[in-house]
Amino acid sequence: MAAADGADHVAIRDLEMLKGIPGVTNTDVHLVPVVRNTPREPELVSQLETAFADPRFRAARAVVVRDHGAYIWGDDVLDAKRHTEVYHFLFEALVARRDR
């Protein structure tokens, strides 16, 4: 799922659940950044700073670490939980579409 072609993002579109992400509608194309995995988490910092500064990812509440998984956040614990549930659904839907 995580941009197997080496892209720096995953594009999510045409799913009603997109409305669960603040500032995103079900008609938007939502881009989630993908960063390269490293042996140590502190080495991710520069990649994350670059992704967070990129206006394409302004609405993202997740980042995918290639060959690892996703980091998902919110303004508080309840937001983080909701965003985790939303992204879980969205990522599963992307995989299901790809497998068709």
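The values are calculated or read from the model by the stated rules, or taken from the named source; none is laboratory data. These numbers were taken from a predicted model, which means no experiment stands behind them. All Cβ positions, even for glycine, are placed from backbone atoms using ideal geometry, and neighbour counts span all protein chains on display. Just the protein is used for accessible areas: all its heavy atoms, side chains included, with ligands, DNA and RNA removed. Shrake-Rupley method; radii C 1.70, N 1.55, O 1.52, S 1.80 Å.
Of the strands (runs of 3 or more DSSP E) that lie entirely inside the range 15-100, those containing 1 or more residues that are of a type in the set (Gly, Ala, Ser), in contact (Cβ under 8 Å) with a residue 12 or more places away in the chain and open to solvent by 30 Å² or more (accessible area, probe 1.4 Å) span 69-72. Looking only at the range 1-14, residues that are hydrophobic (A, V, I, L, M, F, W, C) and loosely packed, with under 11 Cβ neighbours inside 10 Å come to 1 in all.
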